[in-house]
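A quick write-up on the structure given underneath.
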Amino acid sequence: MTPDNPTNEACTKPNTKTTLWILLALSLAIVGCGLASPKPASTPTPLPPPVAAGFTIDFIDVGQGDATLITAVTSETLLVDGGRSKTRIRDRLESMGIKDMVGIALTHPDADHVAGLVEVLEMFPVERISLNGGDSDSQTFGNFMAGVEAEGAAVATVSRGDTIPLGGLTLNVVHPGELSGDSNEDSVVLLLDCAEVETLLTGDAEAPSEEKMIASGTLFDIDVLKIGHHGSLQWYSFISPHRSNFSPPLTYRVLATWGHDNQLQRHNREVDGSLRLKRG
């Protein structure tokens, strides 16, 4: 577990959570009362129960591209990227029974990540949009930004050190720091640390970005890794051959993503199908 990551509300042990609620209630009572005369004791207001630990992540088969749906135990949802196909992301979300979308995080403006999000904006009211601040002159990205403006959602540019809240969960932005101008390398990389599972979503980040994250300790003790750039050669050439050379060694369970044939020989739903990780 990464020590510097902020604690996720939904991932705190119930006993600790209850203690924190009690301390918070006492603190508010002290601040609110100040030096005023004591009042007769009254029936205390029941404390809200702690949010149960857990989440569900669906790695959705959208053909060429990425789409990852995170659902908190509060049923709030965040979609990270939407693939290239508008019809495929729509059909997948409808078949899953998704009725609304709290947030969207676009890792970078490439068409195989952003095109499907245009359809998502037409399907649901979306409250928050997180972007890396990179620009693109493509018509697809232009259509997405026009949809964001029409939606009236709150837009945040995120970089390393920022967080994205979701129903008591906290997704930590671990990359990029400053934009390099390379669309793939500037992908937003998200770390979700919850219920004793660390999940890293890497967008299309390739070997140079991975080297930086490894050097900073970001990739240690990762349980679930969404492979960068669909498992392409640019990803596979660095982490896979070298992951055992680090001290301590990198530990993770690899989940391939979909796209054209890649170094892992896993590329579409005939091979993989959509994958679901459920915790708690």
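The values are calculated or read from the model by the stated rules, or taken from the named source; none is laboratory data. Keep in mind that what you see is a predicted model, and the values were worked out from it rather than measured. Here Cβ is always computed from backbone atoms with ideal geometry, including for glycine, and neighbour counts include all displayed protein chains.
Would you mind stating whether THR170 is buried (at least 19 other Cβ atoms within 10 Å of the Cβ) and at pLDDT below 90? No, not satisfied. Among the residues of the range 147-183, those identified as among the hydrophobic types (A, V, I, L, M, F, W, C) and either outside any helix (DSSP H, G or I) or farther than 18 Å from VAL126 by Cα (or both) are ALA153, ALA154, VAL155, ALA156, VAL158, ILE164, LEU166, LEU169, LEU171, VAL173, VAL174, LEU179. Screening the candidates ASP193, ASP186, ASP112 for the property of being surrounded by 22 or more Cβ atoms within 10 Å (Cβ to Cβ) and assigned to a loop (DSSP other than H, G, I, E, B) yields one hit, ASP186.
Within the range 196-235, the set of residues being part of a loop (DSSP other than H, G, I, E, B) and either over 23 Å from SER130 (Cβ atoms) or at pLDDT below 85 (or both) comprises GLU196, GLU206, GLY217, THR218, LEU219, PHE220, ASP221, ILE222, ASP223, ILE227, SER232.
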